[in-house]
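Read-outs: derived from the displayed coordinates by stated rules, not from any lab. Worth saying up front: this structure is predicted, and the values here are computed from it rather than measured. Using ideal geometry, Cβ is built from the backbone for each residue, glycine included, and neighbour counts are taken over all protein chains shown.
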Amino acid sequence: MSDETFVVPVAVPVSMPGLKVAIIGAGKMGGILLQAFLKNNLVSADQIFATVQHPDRAQALSAQFGVKVTTDNLAAAEQADVILLGVKPIQVPDLMLQIQPALTAQKTVISIAASVKTRSIEDAAGCDLAVIRAMPNTPAMIAAGVTALCSGRFVSQEQMMMAQRIFQTVGRTVVVDEKHMDAVTGLSGSGPAFLYIIIEALAEAGVNVGLPRDVATLLAAQTTLGSARMVLETGYHPALLKDAVTTPAGCTVDGILELEEGGLRVTLIKAVKRATQRAKELANG
Ligand SMILES: NC(=O)c1ccc[n+]([C@@H]2O[C@H](COP(=O)([O-])OP(=O)(O)OC[C@H]3O[C@@H](n4cnc5c(N)ncnc54)[C@H](OP(=O)(O)O)[C@@H]3O)[C@@H](O)[C@H]2O)c1
């Protein structure tokens, strides 16, 4: 780990009584967070003010979760201490114009929009606004996500800890320097899609060698999960764990030779590099 990448020890209360949270753009990711906040009793339903673009979706979400959901971004931002921006990156500048009258130096804005720099949100705020950028990923839906967070210029350590606690409702958190956020987007933001393809391909391979599809999919997915847990829980380098599976003149080493010939390693590296490059551009459309 580089010295600018660190994990802040979290010592904040499990729930945040009294904290009012606006989720501006409760779509796929905003919706996952909304549900996690309720499920974990982070805040109660009457402390959440969510918005979406379409009134019919607002009504449906409100009925589903028992929280106030409207299309009025300014009203939601006015009522909240923490304002979570969950709209698409290209929509952030317009949204900032809408909610600007509600922004004060006492509020915290947390943006999950890929590519959008804390500096551009600070500049649009017109005050010394605490802006935190966060990049969660979709396994957040089952509390198995990972969220990287970075802070803008006016963020206190308490506010960073609060943001970490908020995202711990959907998995692990890590604090990084802002210059790494596009790389995080390319690796862990896009990464679930890359891994689903790998799992799908492994399952397809299992079918090819005669396994029933459901058994092949279970074997592929659980093997991926177990291997990931081995890396996280043993702390061993992945190469060391790979070596432990690779008996001399055994079958695994033959399989690895095929992987290397097929360029899996280089292909994955290129995929993350391309996704990172695209992440740098998203704020501009
Ligand atoms: N999906 C991921 O894996 C992922 C991971 C990390 C970060 N992110 C970030 O999360 C953000 C949202 O992505 P998503 O996948 O959740 O997209 P999404 O499902 O399309 O959600 C966007 C939400 O924003 C709402 N919206 C659009 N314009 C609005 C406006 N003017 N005022 C209020 N709400 C508005 C939409 O309302 P309607 O529902 O009415 O259309 C929708 O609910 C993006 O910035 C993305 O970079 C996504």
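Within the stretch 68-120, track down each residue that is in a loop (DSSP other than H, G, I, E, B), within 14 Å of the ligand (Cβ to nearest atom) and at negative phi. Spell out how you get there, then give the answer.
First, the residues of the stretch 68-120 that are in a loop (DSSP other than H, G, I, E, B): 71-72, 80-81, 86-88, 103-107, 112-117.
From the residues that got through so far, the ones that are within 14 Å of the ligand (Cβ to nearest atom) too are 71-72, 80, 86-88, 112-117.
Thr71, Asp72, Ala80, Gly86, Val87, Lys88, Ile112, Ala113, Ala114, Val116, Lys117 - these are the residues of the stretch 68-120 that are in a loop (DSSP other than H, G, I, E, B), within 14 Å of the ligand (Cβ to nearest atom) and at negative phi.
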For the stretch 43-57: of the residues being under 18 Å from Gln91 (Cα atoms) and of a type in the set (A, V, I, L, M), which is nearest to the ligand (Cβ to nearest atom)?
Val52
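Going through Leu240, Leu219 one at a time, which residue ends up being free of Cβ contacts under 8 Å to residues at least 24 places away in the same chain, touching a Gly at 6+ places or on another chain (Cβ under 7 Å) and not small (Gly, Ala, Ser)?
On the way: Leu240 fails: touching a Gly at 6+ places or on another chain (Cβ under 7 Å).
Answer to the check: Leu219.
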State yes or no: is Ser151 near the ligand (Cβ under 10 Å from one of its atoms), within 18 Å of the chain's Cα centre (by Cα) and farther than 19 Å from Ile23 by Cβ?
no
For Ala124: the one exception among (1) among the hydrophobic types (A, V, I, L, M, F, W, C); (2) within 16 Å of the chain's Cα centre (by Cα); (3) more than 12 Å from the ligand (Cβ to nearest atom):
(2)
